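One structure is given here, and the rest of the page talks about it.
What follows draws every value from the coordinates through simple rules; no lab data is involved. Everything numeric in this text was worked out from a predicted model, so none of it was measured. Positions of Cβ are backbone-derived with ideal geometry, glycine not excepted, and every protein chain shown enters the neighbour counts.
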Amino acid sequence: MLILGIESATGRVGCAVGGHDGVLASVQATRERRHAELLAPQIQVVCDNAGISLRDLAAVAVDVGPGLYTGLRVGVATAVTIAHALSVPMVPAASLDLVAHRLRHCGRAVAVVIDARRGEVFHARYRCVPGGVQRISEPAVGSPDHVVSQIMAEGGETLVVGDGAVRYRERFDPLREACVADRGFAHPSAESLVLLAHAQALREEFVRPEAVEPLYLRRPDAEPNPREGAP
């Protein structure tokens with residue numbers, strides 16, 4: 001079963017193809033606000049590198065957020081369009097889960113903190129369990145100081161990870177029992193998306209394309225003025 005994974009929740013955009021044999025090909029780029037320009041060529045590159053065509057896909061996985069409005073809109077719309085065109089099911093995944101998945105062997109609590117701009121972050125907490133990580137708080141949006149307060153209240157060794165943790169590192173560094181993960185783990189991974197989606201696909205945990213919606217958690221940074229153009 002071959003799955004195409006599309007990830008575009010942060011300033012990084014990427015995609016990957018994989019299945020029973022793991023990830024066959026992946027590509028990513030970090031270029032702010034160029035998701036729409038980059039994604040279609042990336043999909044073609046991973047298909048070419050994996051030696052497949054889109055017609056070989058059995059499912060499409062997509063990061064549904066939370067994340068930045070424009071990137072999520074581009075990624076989800078592209079994934080849904082491909083799934084509709086191929087008549088294949090979809091596997092949605094949360095951006096915070098994808099970041100945490102890469103730290104599944106760290107042996108401590110994980111706080112994922114993604115930059116939401118406007119001085120806020122998207123965040124959730126996880127614990128390591130056999131075979132992966134388990135989310136123990138719902139995705140939320142708030143200030144970095146709010147996340148710091150949560151970590152202090154809950155105690156225990158915590159690994160703080162994500163581009164929000166990197167951006168607001170000075171808020172987290174003073175915490176005695178917390179450390180910030182290397183920036184190499186700062187973004188959701190299309191490879192992790194494919195691996196998680198494949199496990200769900202084996203359990204037939206699919207959704208219809210029309211049921212996939214982005215998780216924004218707040219209004220977009222820029223919205224049209226409803227009075228614009230009014231007489």
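Values as computed for the structure displayed
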| item | result |
| --- | --- |
| Members of region 74-90 that are touching a residue at least 40 places away in the same chain (Cβ under 8 Å), of a type in the set (A, V, I, L, M) and over 20 Å from ARG12 (Cα atoms) | ILE82, ALA83, MET90 |
| Enumeration of residues in region 132-186 that are out of contact with any Asp or Glu (no Cβ under 8 Å at 6 or more places or on another chain), in contact (Cβ under 8 Å) with a residue 40 or more places away in the chain and part of a strand (DSSP E or B) | ALA140, LEU159, VAL160, VAL161 |
| Top-ranked residue in region 103-121 [being over 17 Å from the mean Cα position of the chain (by Cα) and hydrophobic (A, V, I, L, M, F, W, C); ranked as surrounded by the fewest Cβ atoms within 10 Å (Cβ to Cβ)] | CYS106 |
| Among the candidates GLY18, GLY5, GLY22, GLY11, residue that is surrounded by fewer than 18 Cβ atoms within 10 Å (Cβ to Cβ) and touching a helix residue (DSSP H, G or I) at 6+ places or on another chain (Cβ under 8 Å) | GLY22 |
| In region 137-182, residue nearest to PRO66 (Cα to Cα) [restricted to those that are in contact with a strand residue (DSSP E or B) (Cβ under 6 Å, 6 or more places away or on another chain) and among the charged types (D, E, K, R)] | ASP163 |
| ARG125 buried (at least 19 other Cβ atoms within 10 Å of the Cβ), in a helix (DSSP H, G or I), in contact with a helix residue (DSSP H, G or I) (Cβ under 8 Å, 6 or more places away or on another chain) and not small (Gly, Ala, Ser) | no |
| Index of the failed condition, VAL45 passing every other in (1) hydrophobic (A, V, I, L, M, F, W, C); (2) over 22 Å from ARG208 (Cα atoms); (3) touching a residue at least 24 places away in the same chain (Cβ under 8 Å) | (3) |
